[in-house]
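Below is one structure, written out as structure tokens; comments come after it.
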Amino acid sequence: MPSKSFELKNSSSGLTTSLPVRAGTLGPEVLDIASLYKEQGVFTFDPAFGATASCESKITYIDGDAGVLLYRGYPVEQLAEKSSFMEVAYLLINAELPTARQLEAFSHSISRHTMINESLLRFFNGFYHSAHPMAMVSAVVASMSAFYHDSMDIHDPRHREIFSHRIIAKLPSIAAAAHKHSVGQPFIYPNNELDYCSNLLNMFFAVPCEHYEVDPVAAKALDLLFILHADHEQNASTSTVRLAGSTGANPYAAISAGVSALWGPAHGGANEAVLSMLEQIGSVENIPKYLAMAKDRSSYFRLMGFGHRVYKNFDPRAKIIRETCHEVLHKLGDENNPLFELALRLEEIALQDEYFVSRKLYPNVDFYSGIIYSALGIPRSMFTVMFAIARTVGWVAHWLEMVSDPAMRIGRPRQLYTGPTRRDYVSVALRRG
Ligand code: CMC
């Protein structure tokens, strides 16, 4: 039981409630308001959840003021430098770094689940050729539940494990199928001899009529981006997965809900929007004009890839990706990439501008990631799909944490109702106006 409490006095009724204060291992303490309605008859009001901890979690920690991101306690910078996406996936899901044997067994299992059912593959033919890949991916992920009825008991640990491995393994195959459908090329089957990212690149870029060799520079860059995108605690899509999953819905349905939430430009869709914005800005001379638009409240234009709900300092992922941009573009012989140069100048100018400084708006993970994806030849409409492949690991970790907890309850927020008070039905003949 928490030893600290917070006294809350209702100034109209004089009633005082003692709210328990709960402390985590890191971060601010939280007030446990579960008894508030029962004792005081009031709810709390926190639209967009700016000040509400929706659950307890042991997976990822962010200190937004200090620009710190930890996966299971490990700084993301260390993981980015020394680890691999498969190892990070194991860590996020299983809470500890794997031994060599555990990593081998995990990677082997993932590589043995990469094929997608031929009937599922045929779904892609039903999509219009210009369908956005995120639309195809969310639909096909939801459809997976129609194929795995026999292993979707959320209370069975073995079923949960099979689901986790299946979804992580098949997301690249689904993404590649969406891409191949968009460009009218035949689907390339997964090659289980290749590592996770090389297999993805092979499925993306190989064609049946000629030999394709995966560029190790590209595979390494993708692996790094996937590490950085793997989890970010209770962001909008992860919260969506938790909320959908809290109803007891099957996990494929919950992950599909997460894919849909990620698609929005305020979330994962920002990587695609950043590139469109940079092209729209076009050259350094136009930056002031677009910054003025971003600052104008009456304009819908925002500086995409800037700002974050939690980070009020540099997003540590953006720093790593910016450095990686330099390295990757250099290795690919594209060091004078004009969009990268424009992005660097835009960051520099925005960070000297009082509007961005006073609001603590810094580049976020999406500001530079699209430049790398672009340099690797990945089409812009696929950027958010790339994010979804990586974030699937985080969604799975959070879903597992939630459903393994015997105290799991359906998520059900309350509201402040401001609609009409009770009134009686008027038949259509008597309505005026
Ligand atoms: N350009 C211009 N002004 C901005 C921006 C921006 N990118 N971001 C925030 N602001 C302003 C905002 O207008 C507000 O100003 P004021 O106080 O005068 O009303 C202030 O900064 C606070 O912003 P907010 O909208 O209350 O912040 P939020 O926490 O609700 O939104 C955000 C966070 C990420 C949605 C927002 O910063 C944004 O729209 N950024 C651009 C889209 C983007 O890059 N999204 C990717 C986020 S990181 C990866 C991910 O989550 O997937």
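Data table
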| read-out | value |
| --- | --- |
| Criterion (of a type in the set (S, T, N, Q), surrounded by fewer than 17 Cβ atoms within 10 Å (Cβ to Cβ), part of a helix (DSSP H, G or I) and at pLDDT 95 or above) met by exactly one of Ser145, Ser173, Ser119, Ser182 | Ser119 |
| The lone exception for Asp296 - which of (1) within 13 Å of the ligand (Cβ to nearest atom); (2) crowded, with 23+ Cβ neighbours inside 10 Å it fails | (2) |
| Test: residue in the stretch 313-323 that is within 9 Å of the ligand (Cβ to nearest atom), outside any helix (DSSP H, G or I), of a type outside the set (Gly, Ala, Ser) and over 14 Å from Ala273 (Cα atoms) | yes |
| Residue in the stretch 238-252 that is part of a helix (DSSP H, G or I) and either within 17 Å of Gly377 (Cβ to Cβ) or modelled with pLDDT under 95 (or both) present | no |
| Test: residue in the stretch 299-316 that is over 21 Å from the mean Cα position of the chain (by Cα) and modelled with pLDDT of 95 or more | no |
| Residues of the stretch 270-281 classified as in contact (Cβ under 8 Å) with a residue 24 or more places away in the chain and either more than 9 Å from the ligand (Cβ to nearest atom) or surrounded by fewer than 19 Cβ atoms within 10 Å (Cβ to Cβ) (or both), total | 7 |
| Pairs with Cβ under 7 Å, 6+ apart, first in the stretch 26-40 and of a type in the set (Ser, Thr, Tyr), second outside any helix (DSSP H, G or I) | Ser35/Thr17; Tyr37/Phe43 |
| Residue count for the stretch 217-267, restricted to those that are within 16 Å of the ligand (Cβ to nearest atom), touching a Phe, Trp or Tyr at 6+ places or on another chain (Cβ under 8 Å) and either closer than 24 Å to His326 by Cβ or among the basic types (Lys, Arg) (or both) | 6 |
| Of the criteria (1) part of a helix (DSSP H, G or I); (2) within 22 Å of Gly50 (Cα to Cα), which one Leu222 fails | (2) |
| Looking only at the stretch 66-90, and only at residues there that are away from the ligand (no atom under 14 Å from the Cβ) and part of a loop (DSSP other than H, G, I, E, B), the one that is farthest from Leu103 (Cα to Cα) | Ala66 |
| Residue within the stretch 11-33 that is within 16 Å of the ligand (Cβ to nearest atom) and either of a type in the set (Gly, Ala, Ser) or at pLDDT 95 or above (or both) present | no |
| Where Leu291 falls short, out of the listed (1) closer than 26 Å to Pro379 by Cβ; (2) within 14 Å of the ligand (Cβ to nearest atom) | (1) |
| Residue count, the stretch 342-381 (criterion: touching a residue at least 40 places away in the same chain (Cβ under 8 Å) and away from the ligand (no atom under 16 Å from the Cβ)) | 9 |
| Number of positions in the stretch 91-111 that are farther than 21 Å from Ala80 by Cβ, assigned to a helix (DSSP H, G or I) and out of contact with any helix residue (DSSP H, G or I) (no Cβ under 8 Å at 6 or more places or on another chain) | 4 |
| So Glu341, is it surrounded by fewer than 19 Cβ atoms within 10 Å (Cβ to Cβ) and either of a type in the set (S, T, N, Q) or over 17 Å from Ala218 (Cα atoms) (or both) | yes |
| Selection count, the stretch 185-206, where residues are in contact with a Lys or Arg (Cβ under 9 Å, 6 or more places away or on another chain) and free of Cβ contacts under 8 Å to residues at least 60 places away in the same chain | 3 |
| Evaluation of Asn336 against (1) over 27 Å from Ile62 (Cα atoms); (2) buried (at least 17 other Cβ atoms within 10 Å of the Cβ) (one fails), failing number | (2) |
| One residue from Met136, Met86 being within 24 Å of Leu228 (Cβ to Cβ) and at pLDDT 95 or above | Met86 |
| Candidates Tyr362, Tyr300 - the one that is of a type in the set (Phe, Trp, Tyr) and in contact with a strand residue (DSSP E or B) (Cβ under 8 Å, 6 or more places away or on another chain) | Tyr362 |
| Cβ pairs under 8 Å, 6+ apart, first in the stretch 57-84 and touching a residue at least 60 places away in the same chain (Cβ under 8 Å) and farther than 17 Å from Ala397 by Cβ, second buried (at least 20 other Cβ atoms within 10 Å of the Cβ) and among the aromatic types (Phe, Trp, Tyr) | Gly64/Tyr311; Gly67/Tyr311 |
| Output for the stretch 22-65, where each listed residue is of a type in the set (Gly, Ala, Ser), in a loop (DSSP other than H, G, I, E, B) and loosely packed, with under 12 Cβ neighbours inside 10 Å | Ala34, Gly41, Gly50, Ala51 |
| Residue count, the stretch 319-333 (criterion: farther than 15 Å from Ser374 by Cβ and buried (at least 19 other Cβ atoms within 10 Å of the Cβ)) | 1 |
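The values are calculated or read from the model by the stated rules, or taken from the named source; none is laboratory data. It should be emphasised that the depicted structure is a prediction, and the values quoted were computed from it without experimental measurement. Note: ideal-geometry Cβ built from the backbone for every residue, glycine included; neighbour counts use all protein chains shown.
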